[in-house]
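Nothing in this text is a laboratory measurement; each read-out follows from the coordinates by a stated rule. These figures come from a predicted structure and were not determined experimentally. Cβ coordinates were reconstructed from backbone atoms using ideal geometry, including for glycine residues, and neighbour counts include every protein chain displayed.
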Amino acid sequence: MQLSVEQLLTDDKHWQQLCNRLQTVSSLSAIVLTARQMGLCLARAIIEQQLQERAAAFTKWNTCLTCSTGLVSKGLVKRKMLTLVGQVQWRRRVERCPHRCLGSQQAPFDTVLDIQAYQQGSTELMRLGCLLQYFCPLTLPLNYWCNSQELM
Ligand SMILES: [Zn+2]
């Protein structure tokens, strides 16, 4: 049995809009750009599913660094991150000391993923930004800005 493209993410409105746009656009450029957006949308869905599965299966419990009491779960808390494929989000368990010791709140799955507590952008995105700095020197946008000012 072969699935159509529309059936890949049936409950995703953005995906369905992209499928509709893919069928209605006519130029090659528009088809390529729409297919690229669909690829990013599919990549986000795959990443979110992976993160959700791994977060649900992760059951390591820590102890409080202050009073050595076993930490208790605060439940699944939403986490989002800007990545190379766009914004992804998932839910992971957050735990804290039942005595509410200062600084006891932890998200152990964040440690597994090698991300910091309030990190908004993923590591590979930051690395790409740093690499672009070398390939796009400041003179390019500055020249563009100067030329655009002369045209006005
Ligand atoms: Zn404690």
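Okay, here's what the table says:
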| quantity | calculated |
| --- | --- |
| Helix 139-151 axis, angle to the chain major axis (alpha carbon atoms, nearest 10°) | 50 |
| Residue order, fewest to most beta carbons within 10 Å, for Ser73, Ser29 | Ser29, Ser73 |
| Gyration tensor over alpha-carbon atoms, the range 1-52, equivalent ellipsoid semi-axes in Å | 21, 13, 9 |
| On Cα atoms only, tilt of 28-57 relative to the major axis of the chain in degrees | 0 |
| Degrees, to the nearest 10: 13-24 long Cα axis against longest axis of the chain | 20 |
| Most fluctuating residue given options Gln50, Gln105, Gln17, as computed from a GNM of the chain linking Cα atoms under 10 Å | Gln17 |
| Most fluctuating residue given options Gln87, Gln37, Gln23, as computed from a GNM of the chain linking Cα atoms under 10 Å | Gln23 |
| Where N is the number of residues in the range 43-117, Cα Rg divided by 2.2 N^0.38 Å | 1.19 |
| Computed lengthening from Ser4 to Arg91, 0.36 nm per intervening residue step minus Cα-Cα distance | 28.4 nm |
| At most 11 other Cβ within 10 Å, DSSP loop - trypsin sites (Lys or Arg not before Pro), the range 64-147 | Arg100 |
| Binned Cα-Cα distances of the chain, short to long, each 5 Å bin given as a whole percent | 2, 7, 12, 12, 12, 12, 12, 10, 7, 6, 4, 2, 1, 0 |
| All aspartates and glutamates inside 12 Å of Lys74 as judged from Cα atoms, apart from same-chain residues fewer than 8 positions distant | Glu95 |
| Listed residues Leu8, Leu113, Thr83: farthest to the positive end of the dipole of the chain (Cβ charges) | Leu113 |
| Of the chymotrypsin sites (Phe, Trp or Tyr not before Pro) in the range 30-94, those whose Cβ has at most 16 other Cβ within 10 Å and which sit in DSSP loop | Phe58, Trp61 |
| Point-charge dipole on Cβ atoms (K/R +1, D/E -1) for the chain, about Cα centre, debye to 20 | 580 |
| Cα centre as origin, Lys/Arg/Asp/Glu Cβ charges: the range 58-137 dipole, Debye | 360 |
